[in-house]
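Just so it is clear, none of the values below were taken in a lab; they were calculated from the coordinates. Computed from a predicted structure; not experimentally measured. All Cβ positions, even for glycine, are placed from backbone atoms using ideal geometry, and neighbour counts span all protein chains on display.
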Amino acid sequence: MKMRAFERFRSVSHSDLVGRGPKRARPDLRLGLASLLIAAMSPAHGLPTLDCVIKPYVTVELGSPVEGVIEEIAVQRNDLITRGQVLARLKSDVEQATVSLAKARAGLDGAVDARRAALEFGKRKQARTDELYEKKAVPFHVKDEAETDARIARLKLVEAEENKLVARLELQRAVELLNQRTIPSPIDGVVVERMMAPGEFVDDKPLLELAQLDPLRVEVILPVTMYGSIEEGMRAVVEPELPGSRRYLATVSSVDRVLDGSSGTFGARLLLPNPDYALPGGLRCRLRPLEKGELPPAGAVDATTAPLTPLEKAKPLAVPPTANVARSEPVQQAPSVKHVAPMEKAPEQPSPEPVASAAVNTPQPRVCGTVGPIKTVAQTNQLSEALAGKATQISRRVAKSARIARYLVLTPEKQSLADAKRLAHELNRQGVQHLRAIPRGPYAGHVSLGLFLTKANAEKHRDSLASQGIEAILKTRYREQQQTWLDLEFSDRNQNAISQVLREAGRGLSLTRRDCPMLKTAQK
């Protein structure tokens with residue numbers, strides 16, 4: 001039927017179609033030809049076999065965030081890499097010296113100790129002057145001068161502590177600049193090309209080209225007559241143009257929403273799992289979509305569960321990459337694929353064998369897993385919507401936990417709030433700042449001497465107060481946080497699709513298998 005319609009279409013001359021001949025084609029003739037084309041390509045006649053291209057999921061041209069001379073490139077072409085692995089280093093002698101200098105500055109305490117000693121002397125001088133002034137032994141300007149000296153000494157101590165804080169921040173900045181001279185891998189995959197060598201100067205040029213091979217992308221161009229027949233989640237049989245290769249099952253992940261009006265085509269993308277790197281990227285292939293309810297042909301199996309053929313066993317297999325994906329969208333545009341004539345007849349596929357059909361019709365066993373912890377409600381809702389079509393049952397499980405929020409330095413508890421306020425006033429006169437008498441709550445009757453993010457800083461402040469004769473204790477403040485888990489029940493064939501959704505979410509989430517709860521009917 002398709003070939004007859006195609007021959008009838010070709011029998012009409014080009015001049016008749018465009019109206020340039022002596023006799024223009026009648027409108028009813030053009031409409032009739034279009035109807036024949038659409039009828040020939042309709043789903044009722046089966047989905048055709050199309051040309052396709054198998055490409056890496058992500059292709060990255062790895063560069064350097066800073067300029068410099070390459071000291072080492074630790075990988076070669078075709079080497080397997082993992083995310084976070086160090087691939088190259090730049091010369092960093094100056095940066096290492098800067099880190100050593102900043103570390104030495106951050107560890108100097110002489111200025112702080114000198115200012116602290118000056119403050120203690122100023123306090124003693126002020127106390128002696130106040131005592132003499134009460135006895136009318138010194139004039140007021142001497143008392144005022146002693147108070148001013150003590151206040152200036154306190155401010156100089158604060159300045160010295162701020163300078164020490166700046167020195168620590170400069171050390172952190174120097175370390176970050178040094179880390180930029182080390183270039184890690186952003187993906188799991190393979191080295192496609194080495195573009196530079198040690199000793200070369202790198203600025204805006206890429207050093208390496210990397211490719212992620214699990215999963216693979218299958219790009220296909222389809223005629224507009226098939227728009228609506230191809231939907232996300234459909235499966236297709238992919239046959240790579242590789243001698244001895246088997247046929248694989250891929251899943252449609254996206255369909256173009258903008259069509260190419262000039263050629264009357266649109267594009268679709270499929271994901272082909274490749275956990276053992278058995279398939280290389282860049283292969284041409286043939287693809288036939290499976291209609292709803294159509295069983296996969298015999299021999300077409302998932303790449304994640306299929307045993308290797310003898311040809312594939314001869315290839316060196318890679319260690320499967322981790323579940324984390326550096327990017328959810330590929331960085332390289334798919335090349336144009338030659339349009340397949342819509343009237344081309346699809347080759348007949350062998351009918352499924354009875355054994356394969358029985359295996360497919362067998363009810364899938366229940367598989368359960370959990371995803372989490374998920375921090376926010378918005379992320380939970382978004383992930384639930386993405387997993388709605390891939391899991392038969394989704395339930396939320398909420399748990400609360402306490403985490404350390406701050407470290408509080410306090411005075412011992414006083415009998416009343418008035419006693420705590422008097423103590424705070426007395427400590428303020430001694431030069432202790434940031435005081436507050438706590439009126440209520442679990443620490444009522446205490447005087448707050450400081451709130452710190454780290455325990456080391458809190459202990460250091462407590463020991464500093466103890467050296468001044470001020471007794472202080474350390475308390476830990478906790479904050480309650482709520483975390484959510486999604487408990488899933490799904491069929492085993494949908495596990496790859498669920499894992500792909502979690503990778504595209506990009507939040508470090510993964511699926512953990514667990515035992516399914518016992519059904520009520522099974523408890524009898």
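Amide H contacts of residue 294 (H built 1.01 Å from N, in plane; Pro and chain starts excluded): no residue 5 or more places away or on another chain comes under 5 Å. Remark: the Cα gyration tensor places region 402-479 in the oblate category, a/c being 1.5 or greater and a/b not exceeding b/c. Phi-derived couplings, Karplus 6.51 cos²θ - 1.76 cosθ + 1.60 at θ = phi - 60°, listed residue by residue for region 208-224: 9, 10, 10, 9, 9, 9, 9, x, 9, 9, 10, 9, 9, 10, 10, x, 5 Hz, with x used for Gly and Pro. Under 18 Å from a point 7 Å along the Cα-to-Cβ line of residue 77: which residues of region 177-221 have their amide N that close? Residues 190-198, 206-212 qualify, since their backbone N sits under 18 Å from the label point. Maximal additional length on extending the residue 125-residue 456 stretch stands at 115.9 nm, based on 0.36 nm per residue less the C-alpha distance.
Here the Karplus curve 6.51 cos²θ - 1.76 cosθ + 1.60, taken at θ = phi - 60°, turns the phi angles of region 447-454 into couplings of 10, 6, 10, x, 10, 10, 7, 10 Hz, with x standing for Gly and Pro. Placing +1 on the Cβ of every Lys and Arg and -1 on the Cβ of every Asp and Glu, with no other charges, gives region 122-265 a dipole of roughly 1120 debye about its Cα centre. Each residue, residue 169 and residue 105, gets one label point 7 Å from its Cα in the Cβ direction; the gap between the two is 1.3 nm.
By other beta-carbon atoms within 10 Å, ranking 498, 54 with the fewest at the front produces 498, 54.
Assuming R0 = 51 Å, what is the FRET efficiency of residue 140 and residue 196, from their Cβ-Cβ distance, to the nearest 0.05? Display every interim value, and only then the final one.
Details: r = 76 Å, r/R0 = 1.49.
According to the calculation, E is roughly 0.10.
Dipole magnitude for region 402-479: about 400 debye, using +1 per Lys or Arg Cβ and -1 per Asp or Glu Cβ, origin at the Cα centre. This ranking places 141, 461 by how few other beta-carbon atoms lie within 10 Å of each, fewest first, which gives 141, 461. Among 446, 425, a tally of other beta-carbon atoms within 10 Å of each Cβ gives an order, fewest to most, of 425, 446. Label-to-label distance for residue 241 and residue 161 is 7.3 nm, based on points extended 7 Å past Cα in the beta-carbon direction.
The phi torsions of region 228-233, fed into the Karplus equation with coefficients 6.51, -1.76 and 1.60 and a -60° offset, translate into couplings of x, 7, 9, 10, 5, x Hz, rounded to whole numbers, with Gly and Pro shown as x. For residue 445, neighbours were defined as the other residues whose beta-carbon sits under 9 Å from its Cβ, and their charges (Lys and Arg +1, Asp and Glu -1) total -1.
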